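The values are calculated or read from the model by the stated rules, or taken from the named source; none is laboratory data. Being a predicted model, the structure only gives us computed values, none of them experimental. Using ideal geometry, Cβ is built from the backbone for each residue, glycine included, and neighbour counts are taken over all protein chains shown.
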């Protein structure tokens, strides 16, 4: 009786297939930039709140945080389709 799980030289995997042109993973700079904007604006909002900055500063940093977070969600939903 042969063992189907036994490794023999004939069953060893061969070299991997070469990558096909145009299928390499591309990094997209927009999500990275949006994450940076989100973190910096959230930190600015926190610092502004703790330092007692004007309401206008808090509203501006909060709006930037909200817009960048919404843009990240939109990009994620569109990339999953």
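Of note:
- Members of region 47-65 that are closer than 24 Å to residue 33 by Cβ and surrounded by 14 or more Cβ atoms within 10 Å (Cβ to Cβ): 48, 57, 58, 60, 61, 62, 64, 65
- Among the residues of region 32-52, those identified as free of Cβ contacts under 8 Å to residues at least 24 places away in the same chain and touching a helix residue (DSSP H, G or I) at 6+ places or on another chain (Cβ under 8 Å) are 42, 44, 45, 48, 49.
- Extreme residue, modelled with the highest pLDDT, among residues of region 40-81 that are assigned to a loop (DSSP other than H, G, I, E, B) and under 22 Å from the mean Cα position of the chain (by Cα): 80
- Subset of region 12-39 that is in a loop (DSSP other than H, G, I, E, B) and under 18 Å from the mean Cα position of the chain (by Cα) - its residue that is modelled with the highest pLDDT: 28
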